[in-house]
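Colleague: Following this message is one structure expressed as structure tokens.
The values are calculated or read from the model by the stated rules, or taken from the named source; none is laboratory data. Since this is a predicted model, take the numbers as computed values, not measurements. Glycine also receives a Cβ, built like all others from the backbone with ideal geometry; neighbour counts cover every protein chain displayed.
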């Protein structure tokens, strides 16, 4: 028995049996049944101590209930619903097991062996997500890691490994999910993909949780450069304010001008498609590394959470990293405008008017509606310069979205049914859920009645919808019925203002209270499916 093994997480079948084999298997099955735990109830857990063995966290798979006859907006049928439900239960079970065994940790580097339950991909995700912790800034308490090497921070001193014994990446890839709908010709789901998805989300969490004085635009850009340094087929370009001025990104500049911290504009290009010049999938992420609201300053209570107002940028760079690490056959271009939104003598004043990169004039009535300003110029640049076939922007954009959806769903605004279904299917598969909201010109009058072409806020009514229709004005290549032109780009805006934080409904064993890193897993899965269409 290796001293480096902290324990094992094993699945309990609905009949109460545990497939470990040998004398240990017989002992733990007997101990489980003697504990009077319910094997039919999903997530029932007992910590067992067989002789000559490390501690074993036994977690019940539970009985599978029939799929519901009715549920909101289900496009894929009962079989897919049940498959997704089993995968989510696997995440929860793996996370519950590793978090329980973590209590036995000495604080040193150790491994914990984890059963695949119903899905090797989901088990790896649940274990890695469940072990995540924000201990980066602690010098005391449980497993403090201030100033420790990065590979030991965030709970990474404990490494989940497959109970099946797979250690190399090649062996991890062989632990496949037999029900993966994309089949053998794709990048199939496996223990390996589960690790990549989860580590990407954990990186997004880390970027969001880091205090704003330690995560300035400059530092964010440095971390992106470092993360992609040895990743094949990728290029990272960091732009400065002079370049932004040359690009006439005056809306972006209007937000940045109040801060002492220099702005940065980060581009990431991944070339994975067989045709190197194939049109890319484009991601745009809002990168406000701290948002005071500017002159329209926010209330002080809870303002510390605005360190995560770069959650969109964190999500898209993390997703792009995973897509590149998986080697998906797709081209991806990712753009993040990075700045603080601060009040100062140079800051934008309510009522100021600026010309956007695409020539539209915008009156800034509320400087706390800054996210749509930095996104607008970035979207235009991405569309005009790289001609993507699909553009998805991700942003912690509106408090109205929090009121509408809470922390359960990320809001998706799109006019394209196919794009919506693709995003929803990916989100359901990863239990990183999306809900469709209206993107319609019916809201345009609400943000058009000022001295400029547009105003950056339409007031309280339909606040997330007016923000979305504002952004649509800067997407090049959409359908124009007046001119008779068909769309050359599919567009979706994702508002994660609610889902950025697990506050009430979404707290579970792999997602504790705090910042979530969402919707990273859904975006990776979306790209995986899109790359094999």
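Colleague: Among the residues of the range 76-96, write down those that are out of contact with any helix residue (DSSP H, G or I) (no Cβ under 8 Å at 6 or more places or on another chain) and within 17 Å of residue 58 (Cβ to Cβ).
Modeller: Matches in the range 76-96: 89 only.
Colleague: Hey, among 284, 266, 238, which residue is more than 24 Å from residue 494 (Cβ to Cβ) and assigned to a strand (DSSP E or B)?
Modeller: Matching residue, one of 284, 266, 238: 238.
Colleague: To continue, here is another question. Quick one: count up the residues across the range 5-23 that are within 29 Å of residue 106 (Cβ to Cβ) and modelled with pLDDT of 90 or more.
Modeller: Counting residues in the range 5-23 that are within 29 Å of residue 106 (Cβ to Cβ) and modelled with pLDDT of 90 or more gives 9.
Colleague: So if I check each of 423, 439, which one is assigned to a helix (DSSP H, G or I), in contact with a helix residue (DSSP H, G or I) (Cβ under 7 Å, 6 or more places away or on another chain) and either within 20 Å of residue 73 (Cα to Cα) or at pLDDT below 95 (or both)?
Modeller: Values: 439 fails: assigned to a helix (DSSP H, G or I).
Matching residue, one of 423, 439: 423.
Colleague: Report, ordered by the first and then the second residue, all pairs with beta carbons closer than 8 Å, sequence separation of six or more or different chains, a first member in the range 71-88 that is within 10 Å of residue 118 (Cα to Cα), and a second member that is exposed (fewer than 13 other Cβ atoms within 10 Å of the Cβ) and at pLDDT below 95.
Modeller: Once the first residue is within 10 Å of residue 118 (Cα to Cα) and sits in the range 71-88, no partner that is exposed (fewer than 13 other Cβ atoms within 10 Å of the Cβ) and at pLDDT below 95 comes close enough.
Colleague: Can you give me the ranges of the strands (runs of 3 or more DSSP E) entirely in the range 347-413 with at least 3 residues that are over 21 Å from residue 208 (Cβ atoms) and modelled with pLDDT of 95 or more?
Modeller: Ranges flagged: 352-355, 361-364.
Colleague: Moving to a separate point now. Looking at (1) assigned to a helix (DSSP H, G or I); (2) farther than 24 Å from residue 202 by Cα; (3) in contact (Cβ under 8 Å) with a residue 60 or more places away in the chain, which one does residue 475 not meet, given that it meets all the others?
Modeller: (1)
Colleague: I need the full set of residues from the range 100-131 which are touching a residue at least 40 places away in the same chain (Cβ under 8 Å) and surrounded by fewer than 24 Cβ atoms within 10 Å (Cβ to Cβ), in order please.
Modeller: Of the range 100-131, the ones touching a residue at least 40 places away in the same chain (Cβ under 8 Å) are 100-102, 104-105, 107-130.
Answer for the range 100-131, where residues must be touching a residue at least 40 places away in the same chain (Cβ under 8 Å) and surrounded by fewer than 24 Cβ atoms within 10 Å (Cβ to Cβ): 100, 102, 104, 105, 107, 108, 109, 110, 111, 113, 116, 118.
Colleague: Could you identify the single residue in 37, 67 that is out of contact with any strand residue (DSSP E or B) (no Cβ under 8 Å at 6 or more places or on another chain) and either without any contact (Cβ under 8 Å) to a residue 60 or more places away in the chain or under 15 Å from residue 102 (Cα atoms) (or both)?
Modeller: On the way: 37 fails: out of contact with any strand residue (DSSP E or B) (no Cβ under 8 Å at 6 or more places or on another chain).
Every option except 67 fails the conditions.
Colleague: Let me ask something else about it. Of the residues in the range 269-319, how many are surrounded by fewer than 24 Cβ atoms within 10 Å (Cβ to Cβ) and either outside the structural domain of residue 374 (by TED's automatic domain parsing) or under 28 Å from residue 532 (Cα atoms) (or both)?
Modeller: Number of matching residues: 11.
Colleague: Kindly provide the set of residues from the range 503-525 that are more than 15 Å from residue 205 (Cβ to Cβ), out of contact with any helix residue (DSSP H, G or I) (no Cβ under 9 Å at 6 or more places or on another chain) and modelled with pLDDT of 95 or more, ordered by number.
Modeller: Across the range 503-525, the qualifying residue is only 505.
Colleague: Here's something else I'd like to know. Only one of 464, 499 is at pLDDT 95 or above, in a loop (DSSP other than H, G, I, E, B), in contact with a strand residue (DSSP E or B) (Cβ under 8 Å, 6 or more places away or on another chain) and crowded, with 21+ Cβ neighbours inside 10 Å. Can you tell me which? Can you show your working first?
Modeller: On the way: 464 fails: in a loop (DSSP other than H, G, I, E, B).
Answer to the selection: 499.
Colleague: Quick one: which of 28, 47 is surrounded by fewer than 19 Cβ atoms within 10 Å (Cβ to Cβ) and assigned by TED's automatic domain parsing to the domain that holds residue 119? I'd like the intermediate steps shown before the answer.
Modeller: Details: 28 fails: surrounded by fewer than 19 Cβ atoms within 10 Å (Cβ to Cβ).
After applying the criteria, what remains is 47.
Colleague: For the range 401-420, state whether one or more residues are within 19 Å of residue 475 (Cβ to Cβ), out of contact with any strand residue (DSSP E or B) (no Cβ under 8 Å at 6 or more places or on another chain) and in contact (Cβ under 8 Å) with a residue 24 or more places away in the chain.
Modeller: no
Colleague: Does residue 472 satisfy the condition of being more than 19 Å from residue 322 (Cβ to Cβ), at pLDDT below 95 and assigned by TED's automatic domain parsing to the domain that holds residue 357?
Modeller: Working: more than 19 Å from residue 322 (Cβ to Cβ): yes; at pLDDT below 95: no; assigned by TED's automatic domain parsing to the domain that holds residue 357: yes.
For residue 472, the condition - more than 19 Å from residue 322 (Cβ to Cβ), at pLDDT below 95 and assigned by TED's automatic domain parsing to the domain that holds residue 357 - is not met.
Colleague: Run down 54, 112 and say which single residue is part of a strand (DSSP E or B) and either more than 30 Å from residue 417 (Cα to Cα) or at pLDDT 95 or above (or both). Spell out the reasoning first.
Modeller: Details: 54 fails: part of a strand (DSSP E or B).
Criteria check complete, one pass: 112.
Colleague: Quick check on residue 322: is it out of contact with any strand residue (DSSP E or B) (no Cβ under 8 Å at 6 or more places or on another chain) and either farther than 25 Å from residue 258 by Cα or outside the structural domain of residue 458 (by TED's automatic domain parsing) (or both)?
Modeller: Values: out of contact with any strand residue (DSSP E or B) (no Cβ under 8 Å at 6 or more places or on another chain): yes; either farther than 25 Å from residue 258 by Cα or outside the structural domain of residue 458 (by TED's automatic domain parsing) (or both): yes.
When the stated conditions are applied, residue 322 passes them.
Colleague: Can you name every residue in the range 155-192 that is touching a helix residue (DSSP H, G or I) at 6+ places or on another chain (Cβ under 6 Å) and not in a helix (DSSP H, G or I)? Full working, then the answer.
Modeller: Kept after step one, since they are touching a helix residue (DSSP H, G or I) at 6+ places or on another chain (Cβ under 6 Å), are these residues of the range 155-192: 155, 158, 160, 162, 166, 169, 172-173, 175, 177, 179, 187, 189-192.
Of everything in the range 155-192, those that are touching a helix residue (DSSP H, G or I) at 6+ places or on another chain (Cβ under 6 Å) and not in a helix (DSSP H, G or I) turn out to be 155, 158, 160, 162, 166, 175, 177, 179, 187, 189, 190.
Colleague: Moving on. Could you tell me whether the range 296-304 includes any residue that is part of a helix (DSSP H, G or I), farther than 30 Å from residue 192 by Cβ and modelled with pLDDT of 95 or more? Can you show your working first?
Modeller: Just the residues of the range 296-304 that are part of a helix (DSSP H, G or I), to begin with: 303-304.
With farther than 30 Å from residue 192 by Cβ added as a condition, the list becomes 303-304.
From what is left, the residues that are modelled with pLDDT of 95 or more are 303-304.
Yes: the range 296-304 contains one or more residues that are part of a helix (DSSP H, G or I), farther than 30 Å from residue 192 by Cβ and modelled with pLDDT of 95 or more.
Colleague: Do we have any residue at all in the range 95-105 that's assigned to a loop (DSSP other than H, G, I, E, B), over 17 Å from residue 196 (Cα atoms) and either at pLDDT below 95 or not assigned by TED's automatic domain parsing to the domain that holds residue 16 (or both)? Write out each step before concluding.
Modeller: Restricting attention to the range 95-105, the residues satisfying the condition of being assigned to a loop (DSSP other than H, G, I, E, B) are 105.
Remaining after also requiring over 17 Å from residue 196 (Cα atoms): 105.
Filter once more, so that each one left must be either at pLDDT below 95 or not assigned by TED's automatic domain parsing to the domain that holds residue 16 (or both): 105.
Scanning the range 95-105 turns up at least one residue that is assigned to a loop (DSSP other than H, G, I, E, B), over 17 Å from residue 196 (Cα atoms) and either at pLDDT below 95 or not assigned by TED's automatic domain parsing to the domain that holds residue 16 (or both).
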